[in-house]
Amino acid sequence: TTQIRLAARPVGEPDDTCFETVTVELPALEDGQVLLRTVYLSLDPYMRGRMSAARSYAAPLEIGDVMLGGTVSEVVESRSSDVAVGDLVLSFSGWQSHAVADAGAVRRLDPSAAPVSTALGVLGMPGFTAYAGLLEIGRPQAGETVVVAAATGPVGSAVGQIAKVKGARAVGIAGGPEKRRALTEEFGFDVGLDHRSPDFVEELAAATPDGIDVYFENVGGPVADAVFRRLNTYARVPVCGLVANYNATSAPEGPDRLPGFMGQILSRSLTIRGFIQDEFTRSHGRDFLRDMSQWVGDGSVRYREDVVDGLEKAPEAFRGMLRGANFGKLLVQVGPD
Ligand code: NDP
């Protein structure tokens, strides 16, 4: 198998020295195991956190570990009666061309139900993050205003569209005019905004004349600063991600704004609640698959994928995602070699 491993911990943006490509022999299969060939590798922002030494909600990778990640894989050899050669499965093989897995650790996919790549996007972890975080914490009501950034990505685009299904007004924020256009034309947001526009703050105010009831926090940084000023009394803020900070090497300049922020939480009765999606697997996993499959099927939730060809492209594509170079759910197609 060809593997991409963590070679050094990044300082700021992960450069090429952080990754090392090696080819190794995989061990022979034991009973109950399968040999997998990676078809699609998912690239996700959380991987940046695992490259750092700091312990977060999950333990960091060690130097020399294979970079982690969800995959859609094809079974090429099986010593399990549950999984057959040729099956396509959802696995967690990471950044490598082949892997050995326990059959119990993979989930068979039905290619006739939906394109298998969606198991890593709209019908997988990112879609679930949007669904559970928005419905359980954001709780949008009909007529309310929901704002989300990274809004053409797999989490943000689903947040906006689920908000619409629930009868809310959806305002999406993305980087650049092309993504901005896609927000309204492709994903059905009521308004699309470009956070790089010099007039972003005024445009946000014009787009949210009744204030903001739900801010689904994906990014942090200047976008969050602008949105926070417009939160209504009793607004809810599911804190999902802070991608603007993931490569940061120091705290932002300027005065300490925490006291002002706490004052706003108090005076406007805000609910700010962080979450890691898997806390909701038990409570919302089934409902998610039922509802999201229906919404994707009837066209009320659309999705966009950005597929990069070749495992060797993963480091560059991953770096790009943290700056917004991706347009839709970022996947690496790992060709048969
Ligand atoms: P995306 O495909 O949306 O990629 C990240 C996007 O973030 C970029 O494309 C870019 O979009 C945007 N971005 C980067 N820097 C900035 C910035 N400074 N200001 C504004 N936007 C920025 O990723 P996902 O949909 O997979 O993930 C979205 C968020 O959800 C991330 O924060 C991620 O960590 C989080 N997440 C959290 C989970 C949880 O369990 N809590 C689970 C899954 C994801 P643009 O060009 O539009 O700016």
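The values are calculated or read from the model by the stated rules, or taken from the named source; none is laboratory data. Bear in mind the structure is a predicted one, so any value in this text is a computation, not a measurement. Reconstructed Cβ throughout: ideal geometry from the backbone, glycine too, with neighbour counts over all protein chains shown.
Side notes on the structure shown:
- Every residue from the stretch 302-325 that is among the hydrophobic types (A, V, I, L, M, F, W, C) and not in a strand (DSSP E or B): LEU311, ALA314, ALA317, PHE318, MET321, LEU322, ALA325
- Of all residues in the stretch 137-160, those satisfying the criterion of being more than 11 Å from the ligand (Cβ to nearest atom) and among the polar types (S, T, N, Q) are GLN141, THR145.
- Test: VAL332 is in contact with a Leu (Cβ under 6 Å, 6 or more places away or on another chain) and more than 13 Å from the ligand (Cβ to nearest atom): yes
- ASP278 vs. criteria surrounded by 12 or more Cβ atoms within 10 Å (Cβ to Cβ), under 16 Å from the mean Cα position of the chain (by Cα), within 16 Å of the ligand (Cβ to nearest atom) and within 25 Å of PRO154 (Cβ to Cβ): yes
- Residues in the stretch 29-53 that are more than 16 Å from the ligand (Cβ to nearest atom), modelled with pLDDT of 95 or more and not hydroxyl-bearing (Ser, Thr, Tyr): LEU29, GLU30, ASP31, GLY32, GLN33, VAL34, LEU35, LEU36, ARG37, VAL39.
- Scanning the stretch 106-129 for residues that are small (Gly, Ala, Ser), surrounded by fewer than 19 Cβ atoms within 10 Å (Cβ to Cβ) and without any contact (Cβ under 8 Å) to a residue 60 or more places away in the chain yields a single hit, SER112.
- For the condition surrounded by fewer than 17 Cβ atoms within 10 Å (Cβ to Cβ) and of a type in the set (Val, Ile, Thr), VAL72 does not qualify.
- Residue in the stretch 290-301 that is farthest from the ligand (Cβ to nearest atom), counting only those that are assigned to a loop (DSSP other than H, G, I, E, B) and touching a residue at least 60 places away in the same chain (Cβ under 8 Å): SER300
- Any chance ASP287 is out of contact with any Gly (no Cβ under 9 Å at 6 or more places or on another chain), away from the ligand (no atom under 16 Å from the Cβ) and in a helix (DSSP H, G or I): yes
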